[in-house]
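First the structure, in the form of C-alpha cells, and then the observations on it.
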Amino acid sequence: MSLLRACHCCGQIHHLPRMSVNESAYCRRCGGRLASGQSERASQRCAAAALVALILFFPAIFLPILEIEKLGHHHSSSILAGTLELLHEGAWFVGTIVLVFSIVFPLAKMVLLLELSLLKLLHRRHKAITFRWMETLGKWSMMDVMLLAFLVMLVKLGNLVEFQIGPAAIAFTLCVAANMVASMLFDPHAIWDDGETNDGTT
C-alpha cells in the first residue's frame, strides 16, 4: 500500500509506502522532507497546542487586560469590552477592525485547526475547503499584532498614569504563543493520510 505525495518545494510526485514511526521520506529531486511516520503524533501535538490556545482565548478577551488609575479614578477593561465600547462610541471602523481581525478570525482559525488535526467531523471532500479557509484566516488574524500594540501602549503610558497588567494579559500572551506553536506543528499532508488509507489507495 502506498501514497502519492508531492514535494512542497519542487512539486515532484512520489509513491510513498506506509512508514514506521522512525522512518521519514525525502524528495529525490531536491531533498526536501516529504513525510514522516510520526505524522499522527505531530497532529496530536498540533491539536494539543490549538486546544490550549482555544482555552486561553476566552479569559484573554473576557478578563481585565489593563487596570488604569489616574487622578483617583480607577478603570479596568477587557479586550472585548474595549472593542464594544469603541463601537458604542461610534468608532465603527476601528472597532470593527479589532473585533474581526483580533477576535473573530483568530477564534475561527483555532476551531478549524482543531477540526483538521483532531475532530475530523467534516467529510473528506470538505477538508480542502476547510484547509484553505484556515490558511486565509491565519494570514488575516492579528493577535500577535495586537499584542505588540498593547506592549507599545504600556511603554507610552508608563510616565503618564499608574497601571497594572490584568490577568488577561498573561492569558493573551500564552494564547498567542500556543497559537503560533500549533501553526508551526501543523502538517497539511497529515489531514489526507487517514482518508487515503481508508480508501485503499495503492
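Structure summary
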quantity: Where labels lie 7 Å past Cα in the beta-carbon direction, separation of Ala108 and Arg29 in nm; calculated: 3.4 nm
quantity: FRET efficiency estimate (nearest 0.05) - Cβ-Cβ, Ile68 to Leu121, R0 30 angstrom; calculated: 0.10
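The numbers here are math on the coordinates, done by the rules we state, and not lab data. The structure presented is a predicted model; accordingly, all values stated were derived computationally and were not measured. Here Cβ is always computed from backbone atoms with ideal geometry, including for glycine, and neighbour counts include all displayed protein chains.
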